[in-house]
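See structure below.
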Amino acid sequence: MSTTVPIVDYLELGDEPRLVAKSCSSCGALYFDRRNACARCGGTDFDRRPLAGQGKVRTFTIVQRAAPGVKVPYVSAVVDLDGGGSVKSNLVDVEPAPEQVTLGMPVRLVTYSVGTDDQGTEAVAFGFAPA
């Protein structure tokens, strides 16, 4: 039986994959990384908050140069999620051309395999595709 693992801690896999942020209990600020204190209010208590799987492209760039082995060009974007939160992610299933990506473009969360190790454990990443 093969196992799947998310490539980042804030991606939850399952029937419907989703991103989960840490939400400051005092002010509601959202974070994906580990936090000792909130950067907005200094609070130290956090709750887990599932985020929407849909959003809109706030900004993007088409990457033409990357580390060896990384296929270029690709679209890197900041996505504002419906209901709050934003995340930097690659756009997938879209031509990496300026006329194919627009500001405000609706997108949806998707997952994909990035590799399998010798024991059969599959690493899963996320991106956003046109909705």
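Please treat every number below as a calculation from the coordinates, not as lab data. All figures in this text were calculated on a predicted structure; none of them were measured in a lab. Positions of Cβ are generated from backbone atoms using ideal geometry, with glycine treated the same way; all protein chains shown enter the neighbour counts.
Annotations for the structure displayed:
- Relative contact order (%) - the range 51-116, alpha-carbon pairs under 8 angstrom, separation at least six: 37
- Per-residue ³J(HN,Hα) for the range 75-84, Karplus 6.51 cos²θ - 1.76 cosθ + 1.60, θ = phi - 60°, Hz, x for Gly and Pro: 9, 10, 9, 9, 10, 8, 7, 4, x, x
- Phi to ³J(HN,Hα) by Karplus 6.51 cos²θ - 1.76 cosθ + 1.60 over the range 47-56, Hz, x for Gly, Pro: 10, 8, 10, x, 10, 5, x, 10, x, 9
- Cα pair count fraction exceeding 15 Å, expressed as % - the range 1-69: 67
- Dipole check for the range 2-108: with +1 at the C-beta of Lys and Arg, -1 at the C-beta of Asp and Glu, and the Cα centre as origin, the magnitude is about 360 Debye.
- Straight-distance candidates among the lysines for linking to Lys56, with alpha-carbon spacing under 22 Å and chain neighbours fewer than 8 residues away dropped: Lys22, Lys88.
- At R0 = 25 Å, FRET efficiency that the Cβ-Cβ distance of Arg58 and Ile7 yields, to 0.05: 0.65
- Between the C-alpha center of the range 1-27 and that of the range 30-84 there is a gap of 13 Å.
- Within a Gaussian network of the chain (alpha carbon springs, distance under 10 Å), most fluctuating of Thr61, Thr44, Thr111: Thr44
- Using the Cβ-Cβ distance between Thr121 and Lys88 with R0 set to 25 Å, the FRET efficiency from 1/(1 + (r/R0)^6) comes to roughly 0.45.
- Volume in Å³ per residue [convex hull over Cα atoms, computed for the chain]: 141
- Here the 3J(HN,Hα) profile of the range 14-25, calculated from phi with Karplus coefficients 6.51, -1.76 and 1.60 at θ = phi - 60°, is x, 4, 10, x, 8, 8, 10, 9, 8, 10, 5, 5 Hz, Gly and Pro shown as x.
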